[in-house]
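Working notes, beginning with the structure itself.
Please treat every number below as a calculation from the coordinates, not as lab data. The model shown is predicted, which means the values in this text are computed figures rather than measured ones. Ideal geometry is used to build each Cβ from the backbone, glycine not excepted, and the neighbour counts take in all protein chains shown.
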Amino acid sequence: MPKILVIDRCFLSRTGLAHLVSGSALNVEIVQTDDLLRAREYMKEKPDVVIADFYGFLHDLHHIDQLSSIFAASSSKTRFILLPAVKSVLLENYCATQNVWFNADKSCSLAVLNEALQNALTLSHAKTDSRHIASLLTLREEQILQLWKKGDSNESIAEHMQITVKTVYTYKRNIRMKLGADNRFTLFRRGTELAEI
């Protein structure tokens with residue numbers, strides 16, 4: 001049975017979305033939460049679809065990258081449907097670097113939302129995800145991988161990306177983990193897979 005996680009601060013939105021999903025012809029398990037810590041725990045169950053309004057949580061976050069734990073905990077088949085109540089440039093820029101299936105605001109029609117949900121569930125169960133290896137990485141990770149492949153030093157990458165050297169190390173570790181490389185040498189031995197990145 002497909003699992004759907006609804007993350008939203010607004011009680012009415014959460015229950016309305018849960019009602020929309022349960023009222024459709026879909027036979028699904030729905031979990032809803034208004035807490036990001038609980039959402040991270042629910043992500044361990046690898047839901048098929050996550051419907052979220054992260055805007056309500058922005059004032060609680062020390063940094064927008066705290067949302068990355070939710071995206072990182074998802075499986076390759078998880079589809080994110082984002083429905084922010086209010087537009088936020090910070091949130092839009094961050095979400096553009098993540099693997100988002102459908103992005104609209106809460107004023108989108110129920111028919112459009114229901115169609116996006118149906119498509120997400122159909123595709124998440126249709127087959128195993130056969131995405132190109134690069135699509136496992138965020139945009140920033142892809143940029144860092146390109147610089148890394150060119151042979152740029154950590155300091156050079158940090159300067160180019162306007163981040164700290166420690167952050168470069170973190171990105172490199174995440175890249176190795178996502179691509180299943182035990183160490184940096186393994187990563188580049190698999191050059192045929194990474195050549196088109």
Next on the checklist: How much length would be gained if the chain were fully extended between residue 146 and residue 177, taking 0.36 nm per residue of separation minus their Cα-Cα distance, in nm to one decimal?
Outcome noted: 9.5 nm
Checklist outcome for this item: FRET efficiency for residue 19 and residue 72 from the Cβ-Cβ distance with R0 = 35 Å, rounded to 0.05, comes out at 0.75
Checklist entry - Leaving out same-chain residues fewer than 8 places away, which lysines sit with a Cα under 18 Å from that of residue 44? => result 3, 77, 178
